[in-house]
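The values are calculated or read from the model by the stated rules, or taken from the named source; none is laboratory data. In this text, all values refer to a predicted model and were calculated from it rather than measured experimentally. A quick note on method: Cβ atoms are made from the backbone with ideal geometry, for glycine too, and the neighbour counts reach across all protein chains shown. Note: accessible area is taken over every heavy atom of the protein model, side chains too, but ligands, DNA and RNA are not part of it. Shrake-Rupley method; radii C 1.70, N 1.55, O 1.52, S 1.80 Å.
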Amino acid sequence: MSKHAVKSASERALQYVERTTRIKLQDLRDNPGARSSGRAVKNHHNSAGHTIGELQRSPKPPLGWIWGDWFRPWHRMFPGEASFNGDINLRREYTPLSLLELQRLIDLGWLPKDEPIDISTLCNTKLVRVNPQWRQFGIHLTDEGAEVFAAKVNIEVQWANQMTIAAIERAGGRIRTAYYDLDSLRAAVDPLAWFRDGNPIPPRKMPPHSLISYYADANNRGYLAPESEIATSEQRLSEILEYTRSVPAEQAEAWEAQTKQANQVFLGVKPGSLVSLADRKVFEPTHPALIEHYSPEEALADHLR
């Protein structure tokens, strides 16, 4: 006989919970004995092969999940702190894209160097994927490979840090960070499917209150910041990191012509337009009510956080 009494499954499970600091997804494991390769029928069992206590020997859910509710773990139903994962379904995600991968796409001919690069251009390569249904709000251009990046590009992304901005501008390029709401992002990531469905191009909304400060900051190259402040910030960053930043007047005019308006999803196409792939034509709205709806004087802000 063992010195210690045999504990029930619930007592063992409570001991596991007490020893863990916090239930996380990577900590979820099957209970001991929950999975077995086969059923061993012993002599004292029924000759027909039925087990005793089928529920007790059936597969168990991972630790931290409750029978009858497979979609809410304990730390969501009974949180230890009010703010823990409270907004997990509202967080914004950005698909990471490194400067090293961007340089590789340009060298292999997947991306053009002489044309503006935006989220539609990147997603059309089928090598960069953004899914708005997963609350992915665009592309985060990371600074991995900043020391070897040498392509002169005009690129628009949704998030970038100072090292990434410096690497683009050191190579003679231009970078802007712009916000896309989920409706306009669905049209931008797959324009062909959007045009085939006959949907009008939605207007791009303004950033929510929590992101206005980022996209209006010239240091982040936000698309809402004045160009004069961005030029001053470019010179300041070049002096800090000790590289030369000079943009010819012809290049600056070409970049300005390739800049989208704040409510445009596609360059040169007004919001509310219909694109006919069969006729190869773009039909712009002409009725005053449609023009006011798709291009109001006061831009609408995205209500999502």
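What about residue 189, is it over 20 Å from residue 130 (Cβ atoms), open to solvent by less than 60 Å² (accessible area, probe 1.4 Å) and at pLDDT 90 or above?
Values: over 20 Å from residue 130 (Cβ atoms): no; open to solvent by less than 60 Å² (accessible area, probe 1.4 Å): yes; at pLDDT 90 or above: yes.
So residue 189 fails the test.
Condition first: part of a strand (DSSP E or B) and touching a residue at least 40 places away in the same chain (Cβ under 8 Å). Now tell me which residues in the range 108-154 satisfy that. Lay out the reasoning, then the answer.
As a first pass, look at the range 108-154 and keep what is part of a strand (DSSP E or B): 117, 136-142, 154.
If the condition is that a residue be part of a strand (DSSP E or B) and touching a residue at least 40 places away in the same chain (Cβ under 8 Å), then 136, 137, 138, 139, 140, 141, 142, 154 are the ones that fit.
Can you tell me which residue within the range 224-233, out of those that are assigned to a helix (DSSP H, G or I) and small (Gly, Ala, Ser), is surrounded by the fewest Cβ atoms within 10 Å (Cβ to Cβ)? Can you show your working first?
So in the range 224-233, the residues assigned to a helix (DSSP H, G or I) come out as 227-233.
Now narrow it down to the ones that are small (Gly, Ala, Ser): 228, 231, 233.
Numbers: 228: 9, 231: 14, 233: 18.
Out of the qualifying residues, it is 228.
Restrict the check to the range 198-211 and report whether at least one residue is among the hydroxyl-bearing types (Ser, Thr, Tyr), part of a loop (DSSP other than H, G, I, E, B) and under 18 Å from residue 137 (Cβ atoms). Spell out the reasoning first.
Filtering the range 198-211 for residues among the hydroxyl-bearing types (Ser, Thr, Tyr) gives 210.
Then keep just the ones that are part of a loop (DSSP other than H, G, I, E, B); that gives none.
Looking through the range 198-211, none of the residues is among the hydroxyl-bearing types (Ser, Thr, Tyr), part of a loop (DSSP other than H, G, I, E, B) and under 18 Å from residue 137 (Cβ atoms).
Of the conditions (1) outside any helix (DSSP H, G or I); (2) touching a residue at least 40 places away in the same chain (Cβ under 8 Å); (3) hydrophobic (A, V, I, L, M, F, W, C); (4) surrounded by 16 or more Cβ atoms within 10 Å (Cβ to Cβ), residue 299 satisfies every one except a single condition; which number is it?
Tallying (1) outside any helix (DSSP H, G or I); (2) touching a residue at least 40 places away in the same chain (Cβ under 8 Å); (3) hydrophobic (A, V, I, L, M, F, W, C); (4) surrounded by 16 or more Cβ atoms within 10 Å (Cβ to Cβ), residue 299 fails exactly one: (4).
Regarding residue 60, is this residue at pLDDT 75 or above, charged (D, E, K, R) and surrounded by 13 or more Cβ atoms within 10 Å (Cβ to Cβ)? Give the derivation first.
Details: at pLDDT 75 or above: no; charged (D, E, K, R): yes; surrounded by 13 or more Cβ atoms within 10 Å (Cβ to Cβ): yes.
Against the criterion (at pLDDT 75 or above, charged (D, E, K, R) and surrounded by 13 or more Cβ atoms within 10 Å (Cβ to Cβ)), residue 60 does not qualify.
Is it the case that residue 230 is under 27 Å from the mean Cα position of the chain (by Cα) and β-branched (Val, Ile, Thr)?
Details: under 27 Å from the mean Cα position of the chain (by Cα): yes; β-branched (Val, Ile, Thr): yes.
Yes; evaluated as a whole, the condition is true for this residue.
Can you tell me which residue in the range 141-176 is farthest from the chain's Cα centre (by Cα), limited to those that are among the β-branched types (Val, Ile, Thr) and more than 15 Å from residue 121 (Cα to Cα)?
Restricting to residues being among the β-branched types (Val, Ile, Thr) and more than 15 Å from residue 121 (Cα to Cα), the top hit is 148.
Looking at 236, 221, can you tell me which residue is surrounded by 14 or more Cβ atoms within 10 Å (Cβ to Cβ), closer than 22 Å to residue 171 by Cβ and among the basic types (Lys, Arg)? Walk me through it before giving the result.
Working: 236 fails: surrounded by 14 or more Cβ atoms within 10 Å (Cβ to Cβ).
On inspection, the qualifying residue turns out to be 221.
Among 124, 89, which is the only one that is touching a helix residue (DSSP H, G or I) at 6+ places or on another chain (Cβ under 9 Å), open to solvent by 80 Å² or more (accessible area, probe 1.4 Å) and either farther than 30 Å from residue 28 by Cβ or modelled with pLDDT of 70 or more (or both)?
Working: 89 fails: touching a helix residue (DSSP H, G or I) at 6+ places or on another chain (Cβ under 9 Å).
Within the list 124, 89, the selection yields 124.
Which pairs turn up if I take residues in the range 240-263 that are among the charged types (D, E, K, R) and look for partners that are outside any helix (DSSP H, G or I) with beta carbon separation below 8 Å, at least 6 apart in sequence or on another chain?
These pairs meet every condition: 260/118; 260/156; 260/178; 260/223; 260/266; 260/267.
Restricting attention to the range 193-218, report how many residues are open to solvent by 60 Å² or more (accessible area, probe 1.4 Å) and touching a residue at least 60 places away in the same chain (Cβ under 8 Å). Explain how you work it out, then say what you get.
Of all residues in the range 193-218, those open to solvent by 60 Å² or more (accessible area, probe 1.4 Å) come to 196-197, 209-210, 212-213.
If we keep only those that are touching a residue at least 60 places away in the same chain (Cβ under 8 Å) too, we end up with 196, 209-210.
Summing the residues that are open to solvent by 60 Å² or more (accessible area, probe 1.4 Å) and touching a residue at least 60 places away in the same chain (Cβ under 8 Å) in the range 193-218 gives 3.
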